[in-house]
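The values are calculated or read from the model by the stated rules, or taken from the named source; none is laboratory data. From a predicted model like this one, the values you see are computed outputs, not experimental measurements. As a convention, Cβ positions derive from the backbone with ideal geometry for all residues, glycine included, and neighbour counts pool all protein chains shown.
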Amino acid sequence: MEQDEYDKEPPTPMERTRLPPNGIPRSALFSELVATERDDANWRDGRTWSLTYHLSDEHADLLTDVYRHFFSANGLSPAAFPSLRKFEAEVLAMLATLMRGGPRAAGSMTSGGTESILLAVKAHRDSWRSKQPRRRAHSVPEMVVPTSAHPAFAKAATYLDVRPVFVGVDETFRADLNAATEAISDVTICLVGSAPCYPYGVVDPIADLGSLALEAEIGLHVDACLGGMLLPFIERLGYSVPPFDLSVPGVSSVSVDLHKYGYAAKGASAVLYCERALHEHQFFAFGTWPGGLYGSPTMLGTRPGGIIASAWASLMSIGDSGYLDLARATMETTELIKAGILAIPGMSILGHPTMSVFAFAPDGQNVFSIARRLQADGWRIDTQRQPDSIHLIVTPHHRKAVHRFLEDLRGAAVAERCSPLPEKANEAALLYGVTTVMPAAADEDVEAFIRSHLSSTYSIDGRNAKGRNDGRTHGDAR
Ligand SMILES: *Cc1c(COP(=O)(O)O)cnc(C)c1O
């Protein structure tokens, strides 16, 4: 195995720049799809630890059939498609019950966790402004965000002109309460907590953050994108789950992804509020368009009916006992993996993760070298910094992969101990995969560096289309 395996250039260079002169027949089209997919991450065999949440082929077939049935339906018009309105309302009502939202709860289905978070920040910003419209119209609002919170909050802050005030985590990787207390100012619109956060899988001290929010008369958004469809079930199984939902005093909104542990088709999440008044600040209304009165609850205009209907179908077909069984399988698989990791000399797990998301690190060994070896064995490995570690999200689908993974991890650790791979300079953590290298110069603007990678990764001229994992070719572009 060689380092090159981990750094290999993405294949499938782009070839077409024009429409085919005549349409390609279905069979040829599918051959090309399958051929193009060849180098994708192998999620089918459980060799990815993020990005996909596959339950079973049977479940995927059901969702696809429902999607097909509502393929043309558009959630933009509840009047034209009352069916979709009913599905969405029922999905939200079921989620509100899971999140113990009470009779005044409200919310929307969205296209993903990021949209749920963007909308929650907008609702809090506009609600805050509406309370003292004159005084607050021109001040820059602030939001208190733990460094462990998902980047979607930073994205929301950028898009919505809210200044994020970052606070660190304590020694157990939970949001630092004292720092949060001190970060609140007279222009703070809300606090943020995660249940759990992505990097460490720990639930922030939501009850304490809620007290802070009440005291300061501001909102508290709980990001339960990962945990919303799992924590309520593992709690019923007897696992210890800190309070995190809408029943906690001070919590004003919660995001829950349906396309993660809800096992819905991708493009489905929800944002829930403690009351309708806050939800209303999320809406967009435009009254002077020649095309008529326009109103839209979320960021999208056209809303794919297939996504709404199939998310509903996922909840309905799995049901309460199904999610409970899945939660049990998820936790059993997680415990198997954790025990196997801890049995390898020098390995430890960061903090005390609440559910099936966690990070681990080898003592005194280079995490990135171990990740590179695993990558060469056919695994897609997410690494992270602060501290250097490997990140796993476990689903029941991983049951069949557990033993191979632990064997390969053990092998990688032993091999690395015997003959360490040469360390790479400027190695960056690979999460969603923009790049694996850091800027060469310490004083270089990291965000400009990332943007230049995005620009080449997403270029359509074909020549630069291979930039994903390789920083070296972009020296001149910067
Ligand atoms: C996945 C995730 C998000 C963002 O969700 P997307 O669906 O990727 O937009 C936000 N917060 C947490 C904790 C997540 O795991």
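Given the condition part of a loop (DSSP other than H, G, I, E, B), without any contact (Cβ under 8 Å) to a residue 60 or more places away in the chain, farther than 17 Å from Val121 by Cα and within 16 Å of the ligand (Cβ to nearest atom), answer yes or no: does some residue in the stretch 234-256 qualify? Yes, the conditions are met somewhere in the stretch 234-256.
Look through Gly46, Gly75 and report the one residue that is small (Gly, Ala, Ser), in contact with a helix residue (DSSP H, G or I) (Cβ under 6 Å, 6 or more places away or on another chain) and more than 30 Å from Pro297 (Cα to Cα).
On the way: Gly75 fails: more than 30 Å from Pro297 (Cα to Cα).
Checking each option against the conditions leaves just Gly46.
State which residue is farthest from the ligand (Cβ to nearest atom) when the search covers only the stretch 344-367 and only residues that are part of a loop (DSSP other than H, G, I, E, B) and touching a helix residue (DSSP H, G or I) at 6+ places or on another chain (Cβ under 8 Å). Residue satisfying both the conditions and the ranking: Pro345. Within the stretch 375-425, restricting attention to residues that are surrounded by fewer than 22 Cβ atoms within 10 Å (Cβ to Cβ), among the hydrophobic types (A, V, I, L, M, F, W, C) and more than 30 Å from Met229 (Cα to Cα), which residue is modelled with the lowest pLDDT? Ranking the qualifying residues of the stretch 375-425, first place goes to Ala425.
Hey, among Gly101, Gly23, which residue is within 30 Å of Ile234 (Cβ to Cβ) and assigned to a loop (DSSP other than H, G, I, E, B)? I'd like the intermediate steps shown before the answer.
Values: Gly23 fails: within 30 Å of Ile234 (Cβ to Cβ).
After applying the criteria, what remains is Gly101.
In the stretch 109-124, the qualifying residues are those that are within 16 Å of the ligand (Cβ to nearest atom), in contact with a strand residue (DSSP E or B) (Cβ under 8 Å, 6 or more places away or on another chain) and among the aliphatic types (A, V, I, L, M), and the one that is nearest to Ile307 (Cα to Cα) is Met109. Counting residues in the stretch 82-97 that are hydroxyl-bearing (Ser, Thr, Tyr), more than 15 Å from the ligand (Cβ to nearest atom), part of a helix (DSSP H, G or I) and within 26 Å of Arg236 (Cα to Cα) gives one or more.
I'm trying to understand the selection: among the residues of the stretch 190-217, which are assigned to a loop (DSSP other than H, G, I, E, B) and either hydroxyl-bearing (Ser, Thr, Tyr) or buried (at least 24 other Cβ atoms within 10 Å of the Cβ) (or both)? Scanning the stretch 190-217 gives Ala195, Pro196, Cys197, Tyr198, Pro199, Tyr200, Gly201, Val202, Val203, Asp204.
Looking for whichever is among the polar types (S, T, N, Q), outside any strand (DSSP E or B) and exposed (fewer than 11 other Cβ atoms within 10 Å of the Cβ) here; the options are Thr288, Thr298. Which one fits?
Of the residues listed, the single one that is among the polar types (S, T, N, Q), outside any strand (DSSP E or B) and exposed (fewer than 11 other Cβ atoms within 10 Å of the Cβ) is Thr288.
Kindly indicate the residue of the stretch 134-147 that is of a type outside the set (Ser, Thr, Tyr) and in contact with a strand residue (DSSP E or B) (Cβ under 6 Å, 6 or more places away or on another chain) and also farthest from the ligand (Cβ to nearest atom) among those meeting that condition. Please lay out each step first, then the result.
Residues of the stretch 134-147 of a type outside the set (Ser, Thr, Tyr): 134-138, 140-146.
Retained after the next criterion (residues that are in contact with a strand residue (DSSP E or B) (Cβ under 6 Å, 6 or more places away or on another chain)): 140-146.
Numbers: Val140: 24, Pro141: 21, Glu142: 20, Met143: 15, Val144: 16, Val145: 12, Pro146: 11 Å.
Looking at residues that are of a type outside the set (Ser, Thr, Tyr) and in contact with a strand residue (DSSP E or B) (Cβ under 6 Å, 6 or more places away or on another chain), I get Val140.
Only one of the numbered conditions (1) touching a strand residue (DSSP E or B) at 6+ places or on another chain (Cβ under 8 Å); (2) closer than 16 Å to Ile189 by Cα; (3) more than 16 Å from the ligand (Cβ to nearest atom) is not met by Glu217, and that is (1).
Across the stretch 148-177, the qualifying residues are those that are surrounded by fewer than 17 Cβ atoms within 10 Å (Cβ to Cβ) and more than 27 Å from Lys131 (Cα to Cα), and the one among them that is farthest from the ligand (Cβ to nearest atom) is Glu171.
Looking at the structure I just gave you, is Ser127 among the polar types (S, T, N, Q), crowded, with 21+ Cβ neighbours inside 10 Å and assigned to a helix (DSSP H, G or I)? Yes. Taking Ser127, is it more than 16 Å from the ligand (Cβ to nearest atom), of a type in the set (Ser, Thr, Tyr) and touching a Gly at 6+ places or on another chain (Cβ under 8 Å)? Taking the combined requirement at face value, the residue satisfies it. Selection of first residues in the stretch 148-173 that are part of a loop (DSSP other than H, G, I, E, B) and of second residues that are within 15 Å of the ligand (Cβ to nearest atom) and among the hydroxyl-bearing types (Ser, Thr, Tyr), restricted to Cβ pairs under 7 Å at least 6 apart or on distinct chains, gives the following pairs, ordered by first then second residue: Ser148/Ser194; Ser148/Tyr200; Ala149/Ser194; His150/Tyr198; Gly168/Thr147; Phe173/Ser148; Phe173/Tyr200.
So in the stretch 441-463, with the set limited to residues that are within 20 Å of Asp388 (Cβ to Cβ) and at pLDDT 75 or above, which one is surrounded by the fewest Cβ atoms within 10 Å (Cβ to Cβ)? Ranking the qualifying residues of the stretch 441-463, first place goes to Val446.
Of the residues making up the stretch 182-214, those that are within 12 Å of Val165 (Cβ to Cβ) and more than 11 Å from the ligand (Cβ to nearest atom) number 9.
A Cβ distance below 6 Å, combined with a sequence gap of six or more or placement on separate chains, defines the contacts here; from the stretch 189-200, residues that are under 20 Å from Gln386 (Cβ atoms) and hydroxyl-bearing (Ser, Thr, Tyr) reach residues that are more than 7 Å from the ligand (Cβ to nearest atom) and not in a strand (DSSP E or B) in the pairs Ser194/Ala149; Ser194/Asp204; Tyr200/Phe173; Tyr200/Leu350; Tyr200/Gly351. Scanning for something more than 19 Å from Leu95 (Cβ to Cβ) and in a loop (DSSP other than H, G, I, E, B), does the stretch 263-281 turn up at least one residue? Taking every residue of the stretch 263-281 in turn, at least one turns out to be more than 19 Å from Leu95 (Cβ to Cβ) and in a loop (DSSP other than H, G, I, E, B).
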